[in-house]
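One structure is given here, and the rest of the page talks about it.
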């Protein structure tokens, strides 16, 4: 299991993108649509193998007979850091609590994502969403704007139990006891900036 990317959700893509760009002082790049979940995104490089996405429900998408990923059906309030995503080598071998594997694509990109039936990840959405890439990764195609993840703080009342459940060897990810929340500290050309 390796860190792959961050997701910043908003009630609209414009709100999510504006929050990221204002907080980091850096521009997002065009993304695209995720037809299966009726969402769309914009992207920012966090290095050659990592990125962040601003994501929201696409107003052009109709109602779905199943829950959207990242708990977006219930998302309300200001744009915020909503999820962290890790890649794995064998999505079929993960614990079922993380969700059922769903094959997905966006343009030239293909991956399988584990998505819970109700769209809500364990530990109040503080558990990472898990995915397996098939083919190219989007990060190398994004312009390098000088942003790098320095630290991700995962806060939850059962933070240590969550940490012990993950085969993640990543010093930048820190688990702390507290209310369910995520905080990303990102180094930019303007200094250290924060997404919450």
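The values are calculated or read from the model by the stated rules, or taken from the named source; none is laboratory data. Model, not experiment: these values are computed from the prediction. So basically every Cβ, Gly included, is an ideal-geometry build from the backbone, and we count neighbours across all protein chains shown.
Residues are listed down the side, and each one gets a yes or a no for (1) part of a loop (DSSP other than H, G, I, E, B); (2) surrounded by fewer than 16 Cβ atoms within 10 Å (Cβ to Cβ):
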residue: 154; (1), (2): no, no
residue: 164; (1), (2): no, yes
residue: 169; (1), (2): yes, yes
residue: 182; (1), (2): no, no
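To keep it simple, each residue is scored yes or no on (1) crowded, with 20+ Cβ neighbours inside 10 Å; (2) on the phi > 0 side of the Ramachandran plot; (3) part of a loop (DSSP other than H, G, I, E, B).
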| position | (1), (2), (3) |
| --- | --- |
| 53 | yes, no, no |
| 66 | no, no, yes |
| 110 | no, no, no |
| 113 | yes, no, no |
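Taken over segment 76-103, residues that are assigned to a loop (DSSP other than H, G, I, E, B) and either surrounded by fewer than 16 Cβ atoms within 10 Å (Cβ to Cβ) or within 17 Å of the chain's Cα centre (by Cα) (or both) amount to 9. Is at least one residue of segment 141-152 at pLDDT 95 or above, surrounded by 14 or more Cβ atoms within 10 Å (Cβ to Cβ) and more than 19 Å from residue 185 (Cβ to Cβ)? Within segment 141-152, one or more residues are at pLDDT 95 or above, surrounded by 14 or more Cβ atoms within 10 Å (Cβ to Cβ) and more than 19 Å from residue 185 (Cβ to Cβ).
Kindly check whether there is at least one residue in segment 9-16 that is over 30 Å from residue 167 (Cβ atoms) and modelled with pLDDT under 95. No, because not a single residue in segment 9-16 is over 30 Å from residue 167 (Cβ atoms) and modelled with pLDDT under 95.
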